[in-house]
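Working notes, structure below.
The values are calculated or read from the model by the stated rules, or taken from the named source; none is laboratory data. From a predicted model like this one, the values you see are computed outputs, not experimental measurements. We place every Cβ from the backbone using ideal geometry, glycine too, and count neighbours over all the protein chains shown.
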Amino acid sequence: MTTATAPAAPAPAAPPGALALGLRRISIELKTFFRDRNSAVWNFALPMLLMIIFGSVFGGQTLGPTGITFAQYFVAGMIASGILYTSFQNLAIAIPMERDDGTLKRIQGTPMPKVSYFIGKIGLVFVAYIAQVTLLILIGYSFYDIELPSGSQWFTFVWVSVLGLVSCTLLGIAFSVVPKNAKGASAVVSPIVLVLQFTSGVFFLYSELPEWMQQFAALFPLKWLTQAMRSVFLPESAAALEVAGSFELAKCFAVLVAWTIGGLVLSLVFFRWNKRGQD
Amino acid sequence: MTTQTAGTDLVVPVPEDADLAVRVRGLRRAYGETRACDGVDLDVVRGEVLALLGPNGAGKTTTTEILEGYRRRDAGDVSVLGHDPAKATPLWRSRLGIVLQQAADLGDLTVEESVAHFAGYYPHPRDVGEVIESVGLTEKRRTRGSNLSGGQRRRLDVALGIIGRPELLFLDEPTTGFDPEARREFWELIASLRSQGTTILLTTHYLDEAEVLADRVAVIARGRVIACDVPRRLGGRDESLATVSWVEDGAHRSESTHEPTRLVGELASRLGGEVPALQILRPSLEDVYLSLIGHDTEDAS
């Protein structure tokens with residue numbers, strides 16, 4: 001703490017642009033995410049752990065007469081869950097923490113355009129998801145004989161992933177106003193994700209769930225993400241196991257688009273930078 | 001604003017032609033029934049250090065956070081670097097530096113990563129290494145935020161506040177948690193920023209800090225600026241009675257007077273040279289401050 005730094009500034013110039021700063025935010029978000037020893041990394045690792053546990057216990061069992069292994073069914077559900085984990089759960093827990101610890105207030109006081117913050121979050125979500133999916137498929141392929149998608153299934157995989165991540169990211173940003181503080185965030189968000197997983201056919205065969213449960217799950221994105229991922233990882237013949245007798249990809253697309261629009265509206269209306277009573 | 005109160009004459013106006021970094025007139029903001037700002041008038045001249053003093057709950061934080069663009073106002077004219085903070089733009093923000101109270105973020109990043117990252121937000125940032133050096137964190141530059149002590153964290157906050165080469169720097173209780181040596185070093189840093197032309201609005205609870213650093217001091221109480229002047233004249237301090245004390249015939253004596261020099265002259269001739277245990281005391285900034293906010297509380301009740 002001694003001498004001063006540099007001479008006075010030249011004439012004011014425009015601060016760096018929103019996209020350039022968004023890219024810088026992505027790098028800082030990733031560093032923070034993967035260094036955080038508390039919650040984020042455990043949430044990230046959970047699908048892999050579940051894959052190993054369920055794969056080891058039930059992986060070899062087959063579903064009815066189809067010859068499809070449970071591991072093959074389960075990897076679709078885990079990847080769909082991974083979308084929800086890395087976007088919705090991650091942001092709905094991390095943003096209240098950042099509101100509490102002063103992150104949001106500090107960056108609000110800088111010339112960084114607010115949109116750059118969201119670019120950083122979206123970048124984090126996509127990178128975390130890609131890493132998670134790669135590890136899940138690697139584990140499934142190496143230990144539980146998962147068959148990889150082929151041809152147009154990859155195309156479905158990409159659009160379902162992108163649409164799922166975008167809609168659930170927006171929903172996570174909107175939901176970040178619900179927890180009263182950082183401490184409560186995990187307790188509010190995790191049960192919601194767990195209930196959706198149980199009712200959406202991640203852990204159990206969706207077609208064997210009670211009808212009221214199916215109808216409940218059909219209101220939310222995870223059911224449709226899981227169903228669409230089954231179309232990616234299961235053979236065409238498995239469509240017969242679905243409630244509707246098909247994977248209903250057009251309907252999946254429509255529901256995810258609707259949730260994307262809904263998420264955008266909700267986050268624009270409800271998202272707040274400041275703690276309650278501080279604006 | 002035209003509101004007149006008993007204490008208004010303690011607010012010494014700046015010259016008409018002063019180049020203002022901050023101009024506030026009639027600022028009001030209420031939270032429900034509580035009027036946090038109840039007609040704040042304040043000028044900060046470009047290049048000066050202005051210390052804003054006041055008890056907790058007096059409206060300091062609401063006032064500064066309105067100036068910083070964090071909070072909205074109910075009424076009043078506010079201009080910060082020529083702009084309305086309620087309509088903050090990135091360009092305007094790039095000319096400000098803000099050191100907030102109590103932040104606990106950036107725990108997973110090293111000092112160097114944090115400072116370098118925030119440097120990227122500004123069009124003309126200072127040099128990252130020089131800023132870290134200037135706040136005395138060079139040895140800690142590879143330490144993560146969560147492993148810094150309270151005082152070191154505060155220095156990181158200051159580093160992030162000045163990295164963008166601000167024209168106007170807000171410092172909200174910057175030296176809380178500093179040991180005495182770190183505070184002295186911090187004062188040198190502020191003096192050096194001032195000498196480069198940075199305008200500084202400082203809120204603090206340390207009156208010695210205000211006395212050392214500030215060109216002018218403003219006292220805020222019950223949502224108003226009740227006194228504003230240079231530290232040595234605040235609240236008529238320079239014109240108050242001086243207390244002269246000495247020892248005569250083995251007894252402690254003291255006398256309050258407007259003319260301490262005359263009294264000392266008399267004592268010197270009466271006691272024939274050196275006056276034993278001679279002291280001349282004027283009220284300290286703390287005395288004046290306490291009497292100002294004390295008066296105010298009495299008025300309130």
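Quick one: would you say B:SER114 is buried (at least 21 other Cβ atoms within 10 Å of the Cβ), under 22 Å from A:TRP273 (Cβ atoms), out of contact with any Leu (no Cβ under 9 Å at 6 or more places or on another chain) and not β-branched (Val, Ile, Thr)? In short, no.
Within this structure, A:GLN108 fails the test of being over 30 Å from A:LYS275 (Cα atoms) and over 24 Å from the mean Cα position of the chain (by Cα). Note on segment B:194-216: among residues that are surrounded by fewer than 22 Cβ atoms within 10 Å (Cβ to Cβ) and at the interface with another protein chain (Cβ under 9 Å from one of its Cβ atoms), the one that is nearest to B:PRO13 (Cα to Cα) is B:GLY197. Counting only residues that are assigned to a helix (DSSP H, G or I) and more than 9 Å from chain A (Cβ to nearest Cβ), segment B:97-122 holds 5 of them. Of the residues making up segment B:15-44, those that are out of contact with any Lys or Arg (no Cβ under 7 Å at 6 or more places or on another chain) and free of Cβ contacts under 8 Å to residues at least 40 places away in the same chain are B:PRO15, B:GLU16, B:ASP17, B:ALA18, B:TYR31, B:GLY32, B:GLU33, B:THR34.
Residues that are free of Cβ contacts under 8 Å to residues at least 60 places away in the same chain, under 29 Å from A:ILE146 (Cα atoms) and touching a helix residue (DSSP H, G or I) at 6+ places or on another chain (Cβ under 7 Å): which helices (runs of 4 or more DSSP H) entirely in segment A:172-279 hold 2 or more of them?
Working: elements: A:182-199, A:211-217, A:221-233, A:249-270.
The qualifying helices (runs of 4 or more DSSP H) are A:211-217, A:221-233.
For segment B:63-96, which positions are under 15 Å from B:GLU173 (Cβ atoms) and either away from chain A (no Cβ under 11 Å) or touching a residue at least 60 places away in the same chain (Cβ under 8 Å) (or both)? Quick ask: steps written out before the conclusion?
Narrowing segment B:63-96 to residues under 15 Å from B:GLU173 (Cβ atoms): B:63-65, B:68.
The answer is B:THR63, B:THR64, B:GLU68.
Selection over segment A:61-91 of residues that are touching a residue at least 12 places away in the same chain (Cβ under 8 Å) and either more than 20 Å from A:ALA228 (Cβ to Cβ) or small (Gly, Ala, Ser) (or both) gives a count of 10. Of the residues making up segment B:158-186, those that are within 11 Å of chain A (Cβ to nearest Cβ), more than 16 Å from B:GLY120 (Cα to Cα) and assigned to a helix (DSSP H, G or I) are B:VAL158, B:GLU181, B:ALA182, B:ARG183, B:ARG184, B:GLU185, B:PHE186. With respect to the conditions (1) within 30 Å of B:GLY197 (Cβ to Cβ); (2) in contact (Cβ under 8 Å) with a residue 24 or more places away in the chain; (3) assigned by TED's automatic domain parsing to the domain that holds B:LEU52, B:GLY223 lacks only one, and its number is (1).
Filtering B:ALA277, B:ALA214, B:ALA268, B:ALA210 for residues that are at positive phi and out of contact with any Asp or Glu (no Cβ under 6 Å at 6 or more places or on another chain) leaves a single hit, B:ALA277.
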